[in-house]
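Right, one structure below, let's go through it.
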Amino acid sequence: MNRLRQSLINSLFPALLVLVCITVVHFFAEPFQVRVAYVFFMNLTIAIGLQIFMGNTGIVSFGHISFMGIGSYAVAILTIPLAMKRILIPDAPFGLAYVHLSIFPACVVAIAFTVLIATLFGFVLKRLTGNAAEILTLALLVITHVVFIAWIDLFRGPRALYGIPIVSTLYWAGAAAIVAIVIAKAFRDSEGGLQLRASSENLLAARAMGVPVEKLRFRAWILSSGVVAMGGILHATFLGTVGPNSYYFDQTFLIMAMVILGGMRSVSGAIIGTALVAAGSELARTLENGPVIFGEKLPTMFGLTGFFLGAVIVLSMILRRDGIMGDDEFEDVFHRWMRRRKEENSGKPSAVSTSSAS
Amino acid sequence: MNALADLAERPTDWAGPASVSSKAEAGDESEAIVIEGLSKKFGGVYAVQNVSLHCRVGEVVGLIGPNGAGKTTLMNLISGVLTPDSGTVHLSGKQLSGGSPESCARGGIARTFQNIRLFKRLTVRQNIEVAQVTSKNNRDGRKVHDIDEILSLLDLHSMAELKAGTLPYGHQRRVEIARALALSPHVVLLDEPAAGMNEQESKVLIGSVQAIRDRFGCGVIVIDHDLRFIMEVSERIYVMHLGEVIVSGLPHDVRHDERVIEVYLGRKASK
Ligand SMILES: Nc1ncnc2c1ncn2[C@@H]1O[C@H](COP(=O)(O)OP(=O)(O)OP(=O)(O)O)[C@@H](O)[C@H]1O
Ligand SMILES: [Mg+2]
C-alpha cells in the first residue's frame, strides 16, 4: 500500500506536466497546433504502454503497435453507424454488421478484446526469452497486419474503414496519457515490477531468488497491451478513419525511437523521448516540404522524417545506449539533486570545524 | 597457496579417516538440508558423483576441494539451476520436489554465486527486496526478515541506496549474502564468499557468517579456497575431489588427513 501511495505521489509531477501542456494549448494554440498536441498525447499513451513491457522485462517489442491497431479497428467496427456499415462491410462475420455500441461501452469492449488477443499471444511469449521473444513480437506485428489486409469482410482490407464518430478531444487524449503514466509508474514501483526489473538485469539470479519470471512477464504484457489499446482508440476516434498502414512499421519505429531516446527503463524517459521525437519529427516534416526561410526557398526533402527517426535510434545506440534518463525517474533525479545540495551545505560547516580543531 | 603449505607442514597426529559425525536422517527437522546420492554427468564424465552430505539447523558446514572438484556444480544441483541425474534433497525434513531455481528458492534454499550476479542497476536495498518479496508471498509460516536487520548484520547500511553495480567486489559479495538471507531460507549456500576479499574483510565475514547462523536460524554451507577462512568458520568440513566427497569431518581432522594433503599438494607431497 505504501508503495502504491508513493508511486501515486511520484506520478503527480508528470501528470502536472500533461495538465500544463493542455492548458497552454487550450489558451494559446491554433487549430493545427491542437492537432499536433493531440497526436503527441496519443503517442505518449502508446509509448508509455510500450515502456510498461520493454522497460520492466528488458525485452524489445516490435509487436505493440498491433495492439494499437486491434483497439482502433475494434472501436471502429463497434461505433460506425449501421447504415454506413451496410455499405462498408455488409458481410462482416459474427453479425457485426448489425452491432452498434455507443462510444463508452465500445471503448471498454475494444480494450477487453485487445487484452484477450494479447493473452492468447502471451501464453506463447512468456516461455521465450531474449531474441526468440523479440522475433515473436515482430511476427505479431506482421500477422496482425496481414489479417487486417486479408480479412476483407471484417476489416475492408487495404481500403480504409471510415465513418467512426469523431468524439475524442485533446482533453480525452490528455486524460488517457495521465492514466497511462499512473498505471506505468504504479506497475514499475510494485513488488512484481521490481522483481521483473531484477529479472531483466540477471535472469538466473532472479530465478534463484524465487522471482516468478513467466508470470510477471505475462502480467506486463497484458497491462501494456491494454494501455496501447487506449492509444489506438484515441487514434480511431480522432481521425474517424482506420486503415492497416497506420498500424505498421512507420508507427512502430516512431514509438520505438521515442522510448529508446528517452530511456526505455524509465517512465519519465518515455515522456521526455516522446516530447523530443515529436518536436523533431514536426520540424523534419516542415523541412521536408521545402519551407521558405529568410526568403530562401529550401528544396523539398522527401523521407526526411523517416531519416530523422532512424538517426535518433542510431545516435542513441551509439552515444547513450540507456537513453536520456537511463534507469532514473524524475523523482530520482530530484532526490539526488537534493542530496547533493544537502551535502554541500553540511560540508561547509564540518570543514570549518575540522580546520579549527587542527 | 601459502596457507596450504603451512597446513601441510604441521605435525600430523592423524588418527584414522575422519568420519561423518552422525548419519543424517532425511526426515529429521533439525537437519536444514540432507542430500543423498546426488550425481550429475556432463558428456559422460561425472562432475558430481554420488554425493551425500547434510547440514543441521544452526550449523556452518565447509566444502572444499581443488579447482574443478564439482563444488559449484553440487551447489547448482541443490539450488535447482541444474537437474541431477539421480539423488534426493530433503529440506527441513521434507523432500524437495520440482527442480526449478524458483521453487527451490521458495522452498528455502538461498544461494550466492561464485561469479557475482547482482541486479546491478538496482540499489542494494532493492536487491534485497527482490528476495524479500518472495519470502512475503510464501506464507508458509517462515518469518519474513527485516531488511534493515539484514543490512546492519552485513554492515551495508551506509550503502543501502547505492546501485549495487557501483560497489567494490568485496561489498558486492556481502550484498549477495544479504539478498540470499532475505529469502528466509532453511539453508544458505555461499559459493566462495571470501574471494577477492582482503584478510581484514574475510575476518569480518567470519563473524557475519556466524551471526547469520545464530540470528536467522538456518544452516550455512560455505565453499572457499581460503583454507584458513574455511577452517575457522566451519564446524564440519567436506572435501570433494573429482566429483566425489573423499573426506568429511571436523576441521582439525580434515586438516591432517593424508588424502586431503595429497589432493591439495599433489603426489609429490605424499611420497
Ligand atoms: N554446465 C557445464 N557443462 C559442462 N561441464 C561443466 C558444467 N559445469 C561444470 N562443468 C565441469 O564440471 C566440473 C566441476 O566444475 P565445478 O565448477 O563444479 O568445479 P568447482 O569445484 O566449483 O571448481 P572451482 O573451485 O574452480 O570453482 C569441471 O570439470 C567443469 O568443467
Ligand atoms: Mg566453483
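So that you can scan it fast, the table gives a plain yes or no per residue for (1) surrounded by fewer than 24 Cβ atoms within 10 Å (Cβ to Cβ); (2) facing chain B (nearest Cβ under 10 Å); (3) in contact with a strand residue (DSSP E or B) (Cβ under 8 Å, 6 or more places away or on another chain):
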residue: A:R188; (1), (2), (3): yes, no, no
residue: A:N202; (1), (2), (3): yes, yes, no
residue: A:A206; (1), (2), (3): no, yes, no
residue: A:V227; (1), (2), (3): no, no, no
residue: A:M230; (1), (2), (3): no, no, no
residue: A:L234; (1), (2), (3): no, no, no
residue: A:G243; (1), (2), (3): yes, no, yes
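Can you name the condition, by its number, that B:R174 falls short on among (1) within 9 Å of another protein chain (Cβ to nearest Cβ); (2) within 14 Å of the chain's Cα centre (by Cα); (3) away from ligand 2 (no atom under 16 Å from the Cβ)?
Only one criterion in (1) within 9 Å of another protein chain (Cβ to nearest Cβ); (2) within 14 Å of the chain's Cα centre (by Cα); (3) away from ligand 2 (no atom under 16 Å from the Cβ) is unmet by B:R174, namely (1).
Taking interchain pairs and intrachain pairs at least six residues apart, which have beta carbon atoms under 7 angstrom, with the first residue in segment B:72-91 and under 15 Å from B:S39 (Cβ atoms) and the second modelled with pLDDT under 90?
Close Cβ pairs satisfying both conditions: B:T83/B:G99; B:T88/B:Q95; B:V89/B:L96.
Write out, first by first residue and then by second, each pair whose Cβ atoms fall under 6 Å of each other, whose residues are 6+ apart or on separate chains, and whose first residue, in segment B:125-140, is over 18 Å from B:G107 (Cα atoms) while the second is of a type in the set (K, R) and assigned to a helix (DSSP H, G or I).
Once the first residue is over 18 Å from B:G107 (Cα atoms) and sits in segment B:125-140, its partners that are of a type in the set (K, R) and assigned to a helix (DSSP H, G or I) give B:N127/B:R179.
How about segment B:45-77: which of its residues are within 9 Å of ligand 2 (Cβ to nearest atom) and basic (K, R)?
The answer is B:K71, and nothing else.
Can you give me the number of residues within segment B:88-120 that are at the interface with another protein chain (Cβ under 7 Å from one of its Cβ atoms), more than 20 Å from the chain's Cα centre (by Cα) and either surrounded by fewer than 20 Cβ atoms within 10 Å (Cβ to Cβ) or not in a loop (DSSP other than H, G, I, E, B) (or both)?
Total satisfying the criteria: 1.
Taking helices (runs of 4 or more DSSP H) that do not extend beyond segment B:193-263, which have at least 3 residues that are more than 13 Å from ligand 1 (Cβ to nearest atom), modelled with pLDDT of 90 or more and not hydroxyl-bearing (S, T, Y)?
B:199-216, B:227-233
Residue under question is A:T286, and the condition is that it be in a helix (DSSP H, G or I), without any contact (Cβ under 8 Å) to a residue 24 or more places away in the chain and out of contact with any Leu (no Cβ under 7 Å at 6 or more places or on another chain); does it hold?
yes
Can you name the residue in segment B:78-87 that is of a type outside the set (A, V, I, L, M, F, W, C) and part of a loop (DSSP other than H, G, I, E, B) and, of all such residues, is nearest to ligand 2 (Cβ to nearest atom)?
B:S79
What's the number of the condition B:T166 fails, among (1) buried (at least 19 other Cβ atoms within 10 Å of the Cβ); (2) over 27 Å from B:V51 (Cβ atoms); (3) within 14 Å of another protein chain (Cβ to nearest Cβ)?
Checking B:T166 against (1) buried (at least 19 other Cβ atoms within 10 Å of the Cβ); (2) over 27 Å from B:V51 (Cβ atoms); (3) within 14 Å of another protein chain (Cβ to nearest Cβ), the one that fails is (1).
From B:N76, B:N127, grab the single residue that is more than 7 Å from every other protein chain (Cβ to nearest Cβ) and more than 15 Å from ligand 1 (Cβ to nearest atom).
Sole residue among the options that is more than 7 Å from every other protein chain (Cβ to nearest Cβ) and more than 15 Å from ligand 1 (Cβ to nearest atom): B:N127.
Could you give every pair whose Cβ atoms fall below 8 Å, whose first residue belongs to segment B:30-53 and is part of a loop (DSSP other than H, G, I, E, B), and whose second residue is of a type outside the set (G, A, S) and away from ligand 1 (no atom under 15 Å from the Cβ), counting only separations of at least 6 or pairs across chains?
Listed by first residue and then by second, the contacts come to B:S30/B:R56; B:S30/B:V57.
Being more than 14 Å from chain B (Cβ to nearest Cβ), surrounded by 23 or more Cβ atoms within 10 Å (Cβ to Cβ) and either without any contact (Cβ under 8 Å) to a residue 12 or more places away in the chain or not in a helix (DSSP H, G or I) (or both): is that true of A:I164 here?
yes
Quick one: would you say B:A160 is within 14 Å of another protein chain (Cβ to nearest Cβ) and either farther than 23 Å from B:V57 by Cα or out of contact with any strand residue (DSSP E or B) (no Cβ under 9 Å at 6 or more places or on another chain) (or both)?
yes
Determine the pairs where a residue that is over 12 Å from B:L63 (Cβ atoms) and of a type in the set (G, A, S), located within segment B:235-258, has a partner that is within 12 Å of ligand 1 (Cβ to nearest atom) and in a helix (DSSP H, G or I) with Cβ atoms under 9 Å apart, the partner being 6 or more residues away or on another chain.
Here the result reads B:G243/B:T73; B:G243/B:L74, each pair linking segment B:235-258 to a residue that is within 12 Å of ligand 1 (Cβ to nearest atom) and in a helix (DSSP H, G or I).
Evaluate the following for B:E36: is it at pLDDT 90 or above, more than 16 Å from ligand 1 (Cβ to nearest atom), within 14 Å of chain A (Cβ to nearest Cβ) and over 20 Å from B:E192 (Cα atoms)?
no
Kindly indicate the residue of segment B:200-251 that is closer than 24 Å to B:L151 by Cβ and charged (D, E, K, R) and also surrounded by the fewest Cβ atoms within 10 Å (Cβ to Cβ) among those meeting that condition.
Here the answer is B:D214.
The values are calculated or read from the model by the stated rules, or taken from the named source; none is laboratory data. Model, not experiment: these values are computed from the prediction. For neighbour counting, all protein chains shown are included, and Cβ atoms are generated from backbone atoms with ideal geometry for every residue, glycine included.
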